[in-house]
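First comes the structure, then the notes that go with it.
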Amino acid sequence: MCKQCELKPVYEFTNKRKVCGNCFINYFNKKVLYTIRKFKMADHTSLIFLKRSEEFREIVLGDVLKMFVSKSGAQLVKKKTKNCLIAVGDSTDLIAERIINSMFEGSLEKLNNVKPVEAKVIRPLYLMLDTEILLYAKLKKLRFNITKRKESKFEYFTKSMEEKHPELKHSVVNSYLELFI
Ligand SMILES: [Zn+2]
């Protein structure tokens, strides 16, 4: 049961805490707002551009950014200009994949596209797992697509690791943040 409202849970965290649909959406929104604040991604003066896409990560990012804009006074813009921020839907899964792949290749120092903020690019879903992003999309009844990829060696590797270490992706991204950010 959801501890807060005694309703049927829709999600269980790795620490076994369970939450209902409403509490999950609250948790998700709060965590994205926290990510934006923690990494100083945007403030009330920001113009934020989000590329149009039907992919579930961008669809969810668009939904959460609308909430951020209404709270902060920042603006979403449809046309990319010189001084706007570019929001991309990179999740913990994608970031962890890039970090692990470049470890395999032995080229950690060349690591690109893995920071929460890189020049004008911001990644508000940095601390969210794909499973959480998908669940958010379903709970809010958002329309989205998922591009199916062939399972890579990386995915096979992480799937088998995650059975024993459910925090694997978070740990990879957190270690990276501690070392480099
Ligand atoms: Zn609840």
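Can you confirm whether I59 is within 16 Å of the chain's Cα centre (by Cα), over 12 Å from P124 (Cβ atoms), away from the ligand (no atom under 16 Å from the Cβ) and of a type outside the set (D, E, K, R)?
Working: within 16 Å of the chain's Cα centre (by Cα): yes; over 12 Å from P124 (Cβ atoms): yes; away from the ligand (no atom under 16 Å from the Cβ): yes; of a type outside the set (D, E, K, R): yes.
Here the answer is yes, as I59 does meet what is asked.
All of (1) of a type in the set (A, V, I, L, M, F, W, C); (2) over 25 Å from V77 (Cβ atoms); (3) modelled with pLDDT under 95 hold for L134 with one exception: (3).
Name the one entry in F13, F28, F104 that is loosely packed, with under 15 Cβ neighbours inside 10 Å and within 16 Å of the ligand (Cβ to nearest atom). Let's see the steps before the verdict.
On the way: F28 fails: loosely packed, with under 15 Cβ neighbours inside 10 Å; F104 fails: within 16 Å of the ligand (Cβ to nearest atom).
Only one candidate passes the filter, namely F13.
Listed by first and then second residue, the pairs with beta-carbon distance under 6 Å, at least 6 apart or on different chains, first residue in the stretch 1-21 and without any contact (Cβ under 8 Å) to a residue 12 or more places away in the chain, second more than 8 Å from the ligand (Cβ to nearest atom), are P9/K18; E12/K18.
Against the definition (within 16 Å of the ligand (Cβ to nearest atom), part of a loop (DSSP other than H, G, I, E, B) and either of a type in the set (A, V, I, L, M, F, W, C) or modelled with pLDDT of 95 or more (or both)), how does C5 come out, yes or no?
On the way: within 16 Å of the ligand (Cβ to nearest atom): yes; part of a loop (DSSP other than H, G, I, E, B): yes; either of a type in the set (A, V, I, L, M, F, W, C) or modelled with pLDDT of 95 or more (or both): yes.
So C5 passes the test.
If you go through the stretch 124-176 and keep only what is without any contact (Cβ under 8 Å) to a residue 12 or more places away in the chain and either among the basic types (K, R) or under 26 Å from R37 (Cα atoms) (or both), you end up with T131, K138, K141, K148, R149, K150, K153, K159, K164, S171, N174, S175. Per the listing A42, A119, A96, the residue uniquely surrounded by fewer than 16 Cβ atoms within 10 Å (Cβ to Cβ) and within 22 Å of V173 (Cα to Cα) is A119.
The helices (runs of 4 or more DSSP H) found wholly in the stretch 85-181 and carrying at least 3 residues that are under 30 Å from K66 (Cβ atoms) and out of contact with any Leu (no Cβ under 7 Å at 6 or more places or on another chain) occupy 92-104, 130-139, 168-180.
Summed over the stretch 37-78, residues that are assigned to a helix (DSSP H, G or I) and touching a Gly at 6+ places or on another chain (Cβ under 9 Å) total 7.
The values are calculated or read from the model by the stated rules, or taken from the named source; none is laboratory data. Since this is a predicted model, take the numbers as computed values, not measurements. Note that we place each Cβ from the backbone using ideal geometry, even for glycine, and neighbour counts take in every protein chain shown.
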